[in-house]
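Bear in mind that the values in this text are calculations on the coordinates, not laboratory data. Everything numeric here is computed off the predicted structure, so don't read it as measured data. With ideal geometry, Cβ positions are generated from the backbone for all residues, glycine too; neighbour counts draw on all protein chains shown.
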Amino acid sequence: MKEITSTPTRTKKFRKAISSAKKVPIARKYTPQEALALFVEGNFTIGQWELLQGGRKEIYPCYSLLQKAKKECYPAEDCIKVTETSFEVELQALLDHTALRLLQYLKEVIEILSELEKQHPTLISKWSCDGSNQTQFKQTFANTGDDDDNIFLSFLVPVRMVVSINGETRKIIWKNPMPSSVRFCRPIRARFTKLRISQRKKSPI
């Protein structure tokens with residue numbers, strides 16, 4: 001208070017500084033989905049995120065909200081089958097969920113389409129499979145013939161979403177910027193088993 005009232009002009013300067021500070025725009029808070037994207041792209045650990053969020057709570061949502069947003073990236077639990085040596089997602093459920101998430105992401109793009117175009121979005125995807133060996137863990141299985149030293153994975157990747165009417169592509173509304181990146185892989189099935197030619201032919205369905 002003494003510093004403010006030391007000179008007649010000092011009070012005006014402090015008042016002007018406070019008034020200017022009030023006019024500074026407050027940074028918009030990240031949505032949980034935006035924060036999750038930042039978390040993944042930045043390769044944050046949970047501890048690093050909590051440290052960041054603790055210092056700027058008005059901008060960054062807490063980690064528990066990121067967990068909820070992450071769960072929304074998965075198909076419904078009743079579409080996922082897990083056993084001791086494998087997991088599998090219903091293919092149609094995975095495709096439906098992938099398309100739905102893309103439509104949510106492309107909301108502003110979808111809004112400018114005509115009513116006819118809005119009824120004909122088509123997701124184009126590719127699928128592949130691969131096998132690999134890994135370090136065997138000291139894990140026992142109910143079936144003594146099972147082991148975890150080899151894993152075989154089937155997955156799909158969304159390539160683009162288009163407006164297709166009567167088999168004709170009218171518009172490309174989304175295109176995968178990195179179709180060969182693991183970031184866009186959507187696992188269909190994983191099994192502890194050695195890779196065989198017959199498995200390649202019949203996978204993923």
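In this rough spin-label picture, where each label sits 7 Å from Cα along the Cβ direction, the CYS62-ILE165 distance is 4.9 nm.
With 30 Å as the limit, write out which pairs from LYS71/LYS175; LYS57/LYS126; LYS29/LYS70; LYS68/LYS171 have Cα-Cα distances beyond it, or answer none.
Over 30 Å apart, Cα to Cα: LYS57/LYS126; LYS68/LYS171.
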